[in-house]
Amino acid sequence: LAGLSKEELAELAAHMHVRNYRAEQTIVAVHDDTADVFFILSGRVQVTIYSRTGREINYRDLEPGDNFGELSAIDGAKRSANVIAAVPSIVASMTAVDFRHMLQRYPSVLDSTLRALTLRIRQLSERVADFSRPGPVRVCAELLRIAEPFRQGRGASIVPAPVQKDLANRITINREEVSRT
């Protein structure tokens, strides 16, 4: 929505519903048949799924300025993941009909949505390739992925440091292997 004018943003805000979520509260559950699109205003949320064995896989963290739910809004299919507030969060939602109307009306929003979806596909393709690598390589690759926004020249400081359990859930290995690495 970054390219929209204040007037256009105000018009879209009239179609949004804002809600507060407490830490660990589910915003969207996998297989829900809802289709709203969500915009994170404050806080942090985690996108997770569970393996067949019941292991939690956290494959994406979202922060203010990020959005989610556009897949169901576009294709009408059920939700593909759980989205859970990691910390107290404020999230705005928009109906699928309003979202699709926004994409048609504002080419810049359509363009940025397509770019974001393309980036997500590329990132998920990389992650699938990572699953064939040994555990220590996966730990290092995930740390580099997390560090990207914090890069300063050739180095980076990840603040706050990732929790080993969360890191293990992101790359589907056990916490002990993360600790050893």
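Only the coordinates and a few stated rules stand behind these numbers; no lab work does. Predicted model only: the values in this text are computed from it and were never measured. As a convention, Cβ positions derive from the backbone with ideal geometry for all residues, glycine included, and neighbour counts pool all protein chains shown.
Considering only alpha-carbon pairs that sit under 8 angstrom and 6 or more positions apart, the relative contact order computed for the chain is 24 percent. Between the stretch 107-146 and the stretch 1-78, what is the C-alpha centre distance in whole Å? Measuring centre to centre over Cα atoms gives 18 Å.
Between helix 107-130 and the chain, what is the angle of the helix's C-alpha long axis to the longest principal axis, kept within 0 to 90° and rounded to the nearest 10? Helix 107-130 sits roughly 20 degrees off the main axis of the chain. Taking the charge dipole of the chain about its Cα centre, with +1 at Lys and Arg Cβ atoms and -1 at Asp and Glu Cβ atoms, the residue from 35, 167, 48 reaching farthest to the positive side is 167.
Restricted to Cα atoms, the stretch 58-181 shows a radius of gyration and a Dmax of 17.0, 52 angstrom.
Taking the average, over residues, of other Cβ atoms within 10 Å as the packing measure, peptides 152-163, 71-82 rank 71-82, 152-163 from highest down.
Sorting the segments 118-130, 137-149 by their mean number of nearby beta carbons within 10 angstrom, highest to lowest, gives 137-149, 118-130. From its DSSP helices (H runs of at least four residues, each -39,500 (n - 2.57)), the chain gives a residue-normalised ellipticity at 222 nm of -12500 deg cm²/dmol. Using a cutoff of 8 angstrom between alpha carbon atoms and counting only pairs six or more residues apart, the relative contact order for the stretch 93-181 works out to 21 percent. Given axes a ≥ b ≥ c from the Cα gyration tensor, I'd like to know whether the stretch 62-116 is rounded (a/c under 1.5), prolate (a/b larger than b/c) or oblate. Here the stretch 62-116 falls in the prolate category.
The angle separating the long axis of helix 96-105 from the principal Cα axis of greatest extent in the chain is about 70 degrees.
Using a/c under 1.5 as the rounded threshold, could you call the stretch 1-136 rounded, prolate or oblate? The axes a ≥ b ≥ c are square roots of the C-alpha gyration tensor eigenvalues, and prolate needs a/b larger than b/c, oblate otherwise. Taking the square roots of the gyration eigenvalues as a ≥ b ≥ c, the stretch 1-136 is prolate. Dipole orientation for the chain: of the candidates 124, 91, 1, 124 has the Cα lying most toward the positive pole (charges on Cβ; Lys, Arg +1; Asp, Glu -1). In a reduced charge model with +1 at each Lys and Arg Cβ and -1 at each Asp and Glu Cβ, the chain shows a dipole moment near 640 debye about its Cα centre.
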